[in-house]
Amino acid sequence: MYASNPTSHRAMALVATVLVAACAFFLLAEPSSTRTQLLLRSVQVPSLNQAGHSQLNVGRSRIITSLASEQKTPLSVEQLPSTREAQQPFADHQQPRLGALARLSAPLMTAGAILCLGAVFQTVYTWFSSPRRVALATTGGTKGRKVVVTGAGGRTGKLVTQKLINAPEFSPIGLVNSAKSLKTLASLGLGDSAVRNASVTGPVDDLAEAFAGAEAVVICTSAVPKIQFFSIIKILLAKLFCQKPGRPTFSFAPGGTPEEVDWIGQKNQIDAAKAAGVSHVVIVSSMGGTQPDNFLNTIGKQEDGTGGDILLWKRKAEKYLIDSGLKYTIIHPGGLLDKAGGEREIVFGVDDKLLQEDVRSIPREDVAEVCVQSLLQPGAINRSFDIISRENGKPTKDWEQFFGQSGENCDYTVMTSGVSAL
């Protein structure tokens, strides 16, 4: 399908503007006396008989009338060039320089008009052929299946929302809980009617109202740790004195701990989805759920053992979804990269076996694409799996084959004791 190129639009518009401006300059900057000469000398005849002289005089009189408004003093016949001068070729070296340049105005105007029409055609064609426009045209102003994306203002949730906006099969709803996230959705072009403001740790009824009418929910919410400033100072001082620097320490904001967001918040969303009649829930989780000693579980953990355990809380919420009776897709990506998607091979795995790979990361945009494809591919229903990417592999495009390559699912009997202890 034709792809829009904003850069080519701007370049074409700039060139057209320059050409039209140049044409206007040559015409408007030309002295009125020179324009008079140009018009008169355009009446060129190789030879004039008596009748021809009479016609020329008539023409000259008409020119006097048409140009009188441009002169501060009236024109007279004596001020006009003789017949011999009128017959003189225009390219004479004695002609004013601007008069010669003015001859360029016609081709410049033509070129500018062609470029302007080309830019307009390109813009109109791109808009009418875009997936979003096609979807609107074929559904009478509304799009397809309604899908709610929670955490839609986050780095991964924003990409999922954008892909759903561009896909004619879906009508996305963004659920956020901050003014910053609201601005993010507005920048994506999501209207007020497609935005919901609610807290995932708040009342389930509020979430159920936000989910009303949706066929699917994509959960992109997660507790987000913040690095402690003084731990950075400590590391810098340790390096300065050639000591082992250790790792920086993190903490979670009040109300934003893994237990509150990744367990209670996700449980609330699953309950609300069920109450609202949603049929399919997709969760963006994380690899490492089979490893109690994974570094991510230590983030925010207190000396008394409370806090932290983000992967364990995520795992508990996943198991809750599996037992809910809803159709589910649980995605465990590796380390998330802010790089372009669609350029790498996406590798499928289960039970953290991919953590043994040398490279265990994946672009967020690829994770977002897997979320969208999970809503389209029957082979993604009731699946729980891990994904990473390979730069030197063939970019993944066949999603039916991707979800059908293995019938394996993550085993939730692994770490059962750790999860049940929470």
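The values are calculated or read from the model by the stated rules, or taken from the named source; none is laboratory data. The model shown is predicted, which means the values in this text are computed figures rather than measured ones. Because the Cβ atoms are built from the backbone with ideal geometry, glycine has one as well, and the counts that use them run over all protein chains shown. Side chains are part of the model used for accessible areas, which takes the heavy atoms of the whole protein and leaves out ligands, DNA and RNA. Shrake-Rupley method; radii C 1.70, N 1.55, O 1.52, S 1.80 Å.
Per-structure values
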read-out	value
More than 16 angstrom apart: percent of Cα pairs within the stretch 139-270	67 percent
FRET efficiency estimate (nearest 0.05) - Cβ-Cβ, R390 to I114, R0 51 angstrom	0.60
Per residue, in Å², the accessible surface of the stretch 198-252 once ligands and nucleic acids are set aside, probe 1.4 Å	64 Å²
Peptides ranked, highest mean first, by Cβ atoms within 10 Å: ranges 238-246, 185-193	185-193, 238-246
Carbon and sulfur %, accessible surface of the stretch 228-284 computed with the full protein complex present, 1.4 Å	65 percent
Cα-Cα over 18 Å, subset of K146/K267; K267/K316; K226/K301; K274/K319	K146/K267
Accessible area of the stretch 282-422 divided out per residue, in Å², using a probe of 1.4 angstrom	45 Å²
Rg in Å to one decimal, and Dmax rounded to a whole Å, for the stretch 212-271 via C-alpha atoms	18.3, 61
Which of K327, K163 is most accessible, then next, and so on - probe 1.4 Å	K327, K163
Contour excess over end-to-end distance, with Cα ends at K226 and I381 and 0.36 nm allotted per residue	52.4 nm
Net length gained if the chain between R247 and L355 were fully extended (0.36 nm per residue, minus Cα distance)	36.8 nm
Cα pair distances exceeding 16 angstrom across the stretch 318-391, given as percent	49 percent
Nearest-0.05 FRET efficiency for D304 and E343, computed from C-beta distance (R0 35 Å)	0.15
